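First comes the structure, then the notes that go with it.
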Amino acid sequence: MASMDAQSLIECWEHGRRRHTLDRALLLHAAADPAADPETLADRTLGERNAALLCLRQTLFGDALKSCVDCPECGERLEFALSAAALLERAPASDDRPAFVECRGRTLRLPTTRDLASVANEPDEASATDKLLERLLADGAPAELSVAAEELTTALDAADPCMDLGTDLTCPACEHQWSATFDVPGFLWEEIDVRVRRLLDEVHTLARAYSWSEGEILALSDTRRRAYLDRVMA
């Protein structure tokens with residue numbers, strides 16, 4: 001299982017902080033699977049990418065995924081928790097993941113990060129969905145695609161349940177029920193951003209106090225770094 005030390009986290013954050021969200025997802029995928037050729041990761045399925053990132057997240061921050069979302073009906077703020085291990089149970093084994101999906105007489109392949117990038121500039125979600133499905137269809141663009149779009153999307157989700165991770169929620173204020181999508185790359189990036197900014201603060205504090213270099217400070221374990229910080233702040 002891939003891991004990242006403090007220096008690697010900062011370098012990853014530095015390279016990705018000004019990039020597009022899809023480029024960040026690929027950067028994280030490369031960190032999660034360092035043995036892979038980075039040039040091939042954009043053509044891995046979204047389910048493969050999400051599974052790799054969930055494994056990396058477990059290594060970095062543990063299993064519990066705590067998040068929050070606003071109710072789309074009344075705006076109430078909801079907090080919820082997921083388990084990375086439970087989400088990973090949805091992922092099919094590599095040998096069981098189909099290369100193509102059959103639906104209503106159409107043949108589709110599973111989407112990749114490269115496919116998402118191809119529709120990133122579409123003006124709205126509906127247009128992006130139609131363009132994406134047309135791209136995924138292995139037997140040519142169909143007539144009346146919009147009629148079957150929901151069924152085609154459902155078939156893709158069923159073929160790779162780790163592709164579009166979601167959780168069913170109920171608002172305690174208005175009792176509205178809906179399925180909220182869990183953005184694995186976005187969630188992990190936010191956690192890394194918080195961790196790195198904390199690390200930079202620690203480096204700044206200890207460097208001023210002891211004149212140590214960044215490398216020396218980051219080489220310390222979290223426990224020892226915290227012990228020195230406690231003494232500086234005492």
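The values are calculated or read from the model by the stated rules, or taken from the named source; none is laboratory data. Here the structure is a predicted model, which is why all the values come from computation and not from measurement. Note that we place each Cβ from the backbone using ideal geometry, even for glycine, and neighbour counts take in every protein chain shown.
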Checklist entry - So how many residues does region 176-234 have that are loosely packed, with under 11 Cβ neighbours inside 10 Å, in a helix (DSSP H, G or I) and among the hydroxyl-bearing types (Ser, Thr, Tyr)? => result 1
Checklist entry - Restricting the first residue to region 196-214 and requiring it to be within 14 Å of Ala227 (Cα to Cα) and among the charged types (D, E, K, R), which pairs with a second residue that is at pLDDT 95 or above and not in a loop (DSSP other than H, G, I, E, B) meet a Cβ separation below 8 Å and a spacing of at least six or different chains? => result Glu202/Ile217; Glu202/Arg225; Glu202/Leu229
Checklist outcome for this item: Of the residues in region 71-89, those that are assigned to a helix (DSSP H, G or I) and surrounded by 14 or more Cβ atoms within 10 Å (Cβ to Cβ) number 3
Checklist entry - If the Cβ limit is 9 Å and pairs must be 6+ apart or interchain, which residue in region 7-35 that is loosely packed, with under 13 Cβ neighbours inside 10 Å pairs with which residue that is in a loop (DSSP other than H, G, I, E, B)? => result His20/Ala120; Pro34/Ala2; Ala35/Ala2
Item to check | Number of the condition not met by Thr154 [criteria: (1) surrounded by fewer than 16 Cβ atoms within 10 Å (Cβ to Cβ); (2) touching a Ser or Thr at 6+ places or on another chain (Cβ under 8 Å)] | outcome: (2)
Checklist entry - Do we have any residue at all in region 159-168 that's more than 19 Å from the chain's Cα centre (by Cα), more than 23 Å from Leu60 (Cβ to Cβ), without any contact (Cβ under 8 Å) to a residue 60 or more places away in the chain and not in a loop (DSSP other than H, G, I, E, B)? => result no
Checklist entry - Which residues, taken from region 36-48, are farther than 19 Å from Trp13 by Cβ and in contact (Cβ under 8 Å) with a residue 12 or more places away in the chain? => result Ala42, Asp43, Arg44, Thr45, Leu46, Gly47, Glu48
Item to check | Selection within region 195-234 - closer than 15 Å to Asp5 by Cα and of a type in the set (A, V, I, L, M) | outcome: Val196, Leu199, Leu200, Val203, Ile217, Leu218, Ala219, Leu220
Checklist entry - When region 111-134 is examined, which residues are found to be in a loop (DSSP other than H, G, I, E, B) and either touching a residue at least 12 places away in the same chain (Cβ under 8 Å) or of a type in the set (S, T, N, Q) (or both)? => result Pro111, Val119, Ala120, Asn121
Next on the checklist: For region 122-170, which positions are modelled with pLDDT under 85, under 28 Å from Leu54 (Cα atoms) and among the small types (Gly, Ala, Ser)?
Outcome noted: Gly166
Next on the checklist: Which condition from (1) surrounded by fewer than 11 Cβ atoms within 10 Å (Cβ to Cβ); (2) at pLDDT 90 or above is the one that Ala117 breaks?
Outcome noted: (1)
Checklist entry - Quick one: would you say Pro92 is surrounded by fewer than 19 Cβ atoms within 10 Å (Cβ to Cβ) and either at pLDDT 90 or above or within 14 Å of the chain's Cα centre (by Cα) (or both)? => result no
Checklist outcome for this item: Output for Cβ contacts, cut-off 8 Å, separation at least six or different chains, first residue under 23 Å from Asp157 (Cα atoms) in region 60-89, second basic (Lys, Arg), reads Leu65/Arg57; Val69/Arg77; Phe80/Lys66; Ala81/Lys66; Ala84/Arg57
